[in-house]
Amino acid sequence: MSEFRKHSRVLVAHKGETHRGRITKVLSRTKCRVVTDTGERLVVSARYLRNSPDRVLILETPLSKRSLKHERTYGPMVQRWLSAYDVKTVYERVHSVSDLHGFLQKRGANIATRVIQIICHGTHKGGNTTLNLTFEKLDLVDNAELFKGLDGKILIFSCCSVGANRRAMENIKRVSNASAVIAYRRIVWDCYSNICEALLFDRIIASRTPPVQIVDKINDALDGMNIWVGSRKPKHPALVCY
């Protein structure tokens, strides 16, 4: 029992299923109280626990339009950030809707994955909200089912503007059963997203603060540092959490 401590992240075998969560209290030498990432509260024997460090899945479309050769990539930098936290990362390049679906279902839905970051260009005009992949566009309003099966995970859209569509984001959260969906609700420059997401991953990995509170604190911090989203300081926070 000595290997388990309060706040440790663990995999839990319970009633024939495996869950991912955090120890909230060590009850005895043989039992712990665990809250799973989907919100279930369990009391389990230590024999059914094993340590489960955070794992992040990064899915990136090259940020030049319709090109496989351009080297404007962001994911490898995120991998280097996360190595400082001893976090395992899986990085995949995504060029089509079928690519995205396949990686989400195979690697994203895996119990070991806690956070999924999707990096690509995004657009929001009227009721149309899309991810712009290398060779295809994905309408987020009509294709929420693509994200099904991400139970309890944190889904981050590192994409301009898609967070402006509350209906699309809330529908993706409902269909996927993710614990949080985080996105930008306006166009942001790389220099802004770099700072914002470094803070975001730090708080997700190194704190026990709920995602919605993390996003509020980051928006306050960036506002206090007078950091601009693009060519001007925003009137409203750029980052949102559903």
Residue list for the stretch 27-70, restricted to those being part of a loop (DSSP other than H, G, I, E, B), in contact with a helix residue (DSSP H, G or I) (Cβ under 8 Å, 6 or more places away or on another chain) and at pLDDT 90 or above: THR30
Quick check on this structure: which one of GLY122, GLY152, GLY102 is small (Gly, Ala, Ser) and exposed (fewer than 15 other Cβ atoms within 10 Å of the Cβ)? GLY102
Show the residue pairs meeting these rules: Cβ distance below 6 Å; 6+ apart or different chains; first residue within the stretch 172-186 and not assigned by TED's automatic domain parsing to the domain that holds CYS159; second residue of a type in the set (S, T, N, Q). none
For the structure I just gave you, tell me whether ILE116 is at pLDDT below 95 and either buried (at least 16 other Cβ atoms within 10 Å of the Cβ) or part of a helix (DSSP H, G or I) (or both). no
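The values are calculated or read from the model by the stated rules, or taken from the named source; none is laboratory data. Because the structure is a prediction, the values reported are computed rather than measured. For neighbour counting, all protein chains shown are included, and Cβ atoms are generated from backbone atoms with ideal geometry for every residue, glycine included.
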